[in-house]
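Quick notes on the structure that follows.
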Amino acid sequence: MINRPAYLNDVLFALYAAEKLGWTALARTHFQRILYLCAALSDLANSEWGYDFSNTLYGPFNRYISTAPDELVHQRYAEAIEVTVQRDSKMKATFRATDAGKERVELIAKLRREQRRLAWIYSVMGVLTVYGPTVTSKLAFIEPTFTTMKLENRKGAIELSGENNQSIQLLRRLSDQLERDYSIHLDTPVSHLILYFDYLSRDIGRSEPK
Amino acid sequence: MTSKPTAEETTRLKRVADEPWYWLRENVPEVAQWENALYVLLESVKVVWPEYRINRINLAFLIKWTKSSLPSGTLKMSDVAAIQKQQNAANSQLIFEVDLDGNVLDVMDIGSEIDPTAVMILSQSREAVIMWFGHNLDIFYKGMKWNPKNKAATLKEMKLKKRDELLPLTDYRRILETHYEQYIRGESGVDYWFPGEKNKVLRSSPERIFQKSLYIFLKNDCECDAALEPMFKDSSRCDVRASIDYDIYFFEIKWIGFCATKKKDLPVESAEKPREEEVKNAIAGTYQTKKYIEKNNSVEYDNKIKLGVVVVYDAYPNPHIPIEYPQEIKDFPLLDTAEFALVTVTPSVHGKRMAKQRRSASKKR
């Protein structure tokens, strides 16, 4: 079980990475989707993610991540921009890290465990930079473990450990085939990420809208 | 002592390094008009290039700044074996002129074996863009080689450019119209008429065909998450659901006209005694949808339905649309309707082109 600051740290790391990688400000859905992909693929970094996401109608969801941006704003580590209040009183906003937030990340990352976690989020987001936030959201929604649960109408926590993790199974099959048939050896987690996201996004945007 | 470039040169060099497309835009003014088409062509070049490399037959493709709809059977860049055979038979003396769809428009015999220098000179004299498929993949223009330093940035720009065009869900009417033009009209993307009964009788269970097609379009080409036949809170199901940032839209697919039937326990479809789905059935469908929305949008549910859209495909030989819906339906704020005629003379030119691309892509897979 992971303690509460882990959610806050992860969201702050995502904001920090977004800034470094030149992404636009992130919305709540983006945090859910980015961190879900980080969790689903964390086996590549030999790390336990520590918290779950649920299979919901809106895609993989964790309620602490949903509220983490508000808490970070309260602590002045993040600021909300482009705020709109909807007719049903729900607030939509995008967020970015403040200078205090960035300093905080650099301080937290002095701890080796957090450094590894930040590096992993940064690596995943670095590869996803090629696709942008819109496609990233779609990629999390079509992640194979989540998709399988939806097809089987299974509710509850998305099981990402061991053999249940369909993304890792898929990657194993793809990399085995590349090795066997083409002698291409994927030797780093990032090379696996590149292969995985390229494969998963193969149909997105295939038409040519008018 | 070391000399330095001028301030203007420094700015220019920095821009080229930072924005590789800047070079192309600056030097190839034709790109401005054809940027999207060029991105798509380069994406497809990327796909076929590994196939070309295997046989090590040098090739050059001169780009003509045009898009043309040529009859089927025309040689395309994706016809690797045929192009290589032709080049080999001509002792590697050919340069292929292609349009922005990759269709081979003409072939130029330069009288000697092609090499990068010859290609570079030709690109200079003709002020043309030429892609060189040799040991490396190079692009020449006006005698210069385009070799951007920042390849990751180029890739990012290419992918983002393509994908920023995903249709936003808020523009659901445009989504439905684009889907109709590209996939439905004139069977451009899916087959739905019963064989031999075109414009008269649909295949059996046509709603399944339209549902699946719209779902795939929403999933791949629109800025939203899509689900096929998802379950509502009350355990009923809608045809297709799409959501973006916690706003839910759902689409109910109806059709009117005639469809083939299947005898019980038999897999064979028959159009001998077609089943008719009348306008009143479509209207009944809108009432059913209204009921769904009312039952599943109660305040105790967190999931807020933004809009339900009833999409009607009209398969009558003499179209029965527009449908006159009851005032109660017209006045319901969370419901909209959209109607499309299936009996049309031909698919749109764009639809045909898209269908052709899809067919060749699926063959490759």
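The values are calculated or read from the model by the stated rules, or taken from the named source; none is laboratory data. Small disclaimer: the values here were computed from a predicted structure and weren't measured. Backbone-built Cβ (ideal geometry, glycine too); neighbour counts: all protein chains shown. Just so you know, the surface numbers come from the protein's heavy atoms only, side chains and all, with ligands and any DNA or RNA stripped out. Shrake-Rupley method; radii C 1.70, N 1.55, O 1.52, S 1.80 Å.
Remark: A:Phe95 falls outside the filter, which requires a residue to be open to solvent by 20 Å² or more (accessible area, probe 1.4 Å) and either of a type in the set (A, V, I, L, M, F, W, C) or within 11 Å of another protein chain (Cβ to nearest Cβ) (or both). I'd like to check something: does the stretch B:324-333 contain any residue that is open to solvent by less than 20 Å² (accessible area, probe 1.4 Å) and either outside any strand (DSSP E or B) or modelled with pLDDT under 75 (or both)? Yes. Reported count of residues in the stretch B:341-351, each being open to solvent by less than 20 Å² (accessible area, probe 1.4 Å) and modelled with pLDDT of 75 or more, is 1. Scanning the stretch B:75-111 for residues that are touching a helix residue (DSSP H, G or I) at 6+ places or on another chain (Cβ under 7 Å) and farther than 16 Å from B:Ile139 by Cβ turns up B:Leu75, B:Ser78, B:Val80, B:Gln84, B:Leu94, B:Ile110.
Can you tell me which residues in the stretch B:122-140 are among the aliphatic types (A, V, I, L, M) and under 27 Å from the mean Cα position of the chain (by Cα)? Lay out the reasoning, then the answer.
First, the residues of the stretch B:122-140 that are among the aliphatic types (A, V, I, L, M): B:122, B:128-131, B:137, B:139.
Within the stretch B:122-140, B:Val129, B:Ile130, B:Met131, B:Leu137, B:Ile139 qualify.
Collect the residues in the stretch A:159-210 that are in contact (Cβ under 8 Å) with a residue 60 or more places away in the chain, farther than 15 Å from A:Leu139 by Cβ and open to solvent by 30 Å² or more (accessible area, probe 1.4 Å), keeping them in residue-number order. Passing the criteria: A:Leu160, A:Pro189, A:Val190.
Among the residues of the stretch A:59-73, just one is of a type outside the set (S, T, N, Q), within 14 Å of chain B (Cβ to nearest Cβ), in a helix (DSSP H, G or I) and open to solvent by 10 Å² or more (accessible area, probe 1.4 Å), namely A:Arg63. Scanning the stretch B:138-163 for residues that are at pLDDT 65 or above and loosely packed, with under 15 Cβ neighbours inside 10 Å turns up B:Lys142, B:Gly143, B:Met144, B:Lys145.
Scanning the stretch B:248-270 for residues that are open to solvent by 20 Å² or more (accessible area, probe 1.4 Å) and of a type outside the set (Ser, Thr, Tyr) gives B:Lys254, B:Phe258, B:Lys262, B:Lys263, B:Lys264, B:Asp265, B:Leu266, B:Pro267, B:Val268, B:Glu269.
Out of A:Glu71, A:Glu48, which single residue is over 15 Å from the mean Cα position of the chain (by Cα) and among the acidic types (Asp, Glu)? Matching residue, one of A:Glu71, A:Glu48: A:Glu71.
A quick yes/no check of all residues on (1) in a loop (DSSP other than H, G, I, E, B); (2) closer than 27 Å to B:Cys222 by Cβ; (3) over 16 Å from the mean Cα position of the chain (by Cα); (4) more than 14 Å from every other protein chain (Cβ to nearest Cβ):
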{"position": "A:Arg154", "(1), (2), (3), (4)": "yes, yes, yes, no"}
{"position": "A:Arg172", "(1), (2), (3), (4)": "no, no, yes, yes"}
{"position": "A:Gln177", "(1), (2), (3), (4)": "no, no, yes, yes"}
{"position": "A:Arg180", "(1), (2), (3), (4)": "no, no, yes, yes"}
{"position": "A:His185", "(1), (2), (3), (4)": "yes, no, yes, yes"}
{"position": "A:Leu195", "(1), (2), (3), (4)": "no, yes, yes, yes"}
{"position": "A:Tyr199", "(1), (2), (3), (4)": "no, yes, yes, no"}
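Here B:Leu100 passes the criteria (1) touching a Phe, Trp or Tyr at 6+ places or on another chain (Cβ under 9 Å); (2) in a loop (DSSP other than H, G, I, E, B); (3) open to solvent by 20 Å² or more (accessible area, probe 1.4 Å) except the one numbered (3). When A:Thr134, A:Thr148, A:Thr129, A:Thr56 are screened for being of a type in the set (S, T, N, Q) and either more than 14 Å from chain B (Cβ to nearest Cβ) or in contact with an Asp or Glu (Cβ under 6 Å, 6 or more places away or on another chain) (or both), only A:Thr134 passes. For the stretch B:191-205, the tally of residues that are crowded, with 16+ Cβ neighbours inside 10 Å and closer than 14 Å to B:Tyr313 by Cα stands at 6. I want to confirm something. Restricting to the stretch B:206-235 and keeping residues that are modelled with pLDDT under 90 and more than 24 Å from A:Lys138 (Cβ to Cβ), which single residue is least open to solvent (accessible area, probe 1.4 Å)? Looking at the filtered set, the residue picked out is B:Asp234. For the stretch A:46-58, taking the residues that are part of a loop (DSSP other than H, G, I, E, B) and free of Cβ contacts under 8 Å to residues at least 40 places away in the same chain, the one that is nearest to A:Thr188 (Cα to Cα) is identified as A:Asn46. Of all residues being more than 17 Å from A:Thr134 (Cα to Cα) and part of a loop (DSSP other than H, G, I, E, B) in the stretch A:1-45, which is nearest to the other protein chains (Cβ to nearest Cβ)? Just the residue, please. The residue in question is A:Leu41. Can you tell me which residue in the stretch A:134-158 is surrounded by the fewest Cβ atoms within 10 Å (Cβ to Cβ), limited to those that are under 17 Å from A:Asp203 (Cβ atoms) and among the polar types (S, T, N, Q)? Step by step, filter the stretch A:134-158, then rank; the result is A:Thr147. So, A:Ser137, is that one over 30 Å from B:Tyr172 (Cα atoms), out of contact with any strand residue (DSSP E or B) (no Cβ under 7 Å at 6 or more places or on another chain), assigned to a helix (DSSP H, G or I) and among the small types (Gly, Ala, Ser) or not? The answer is no for A:Ser137.
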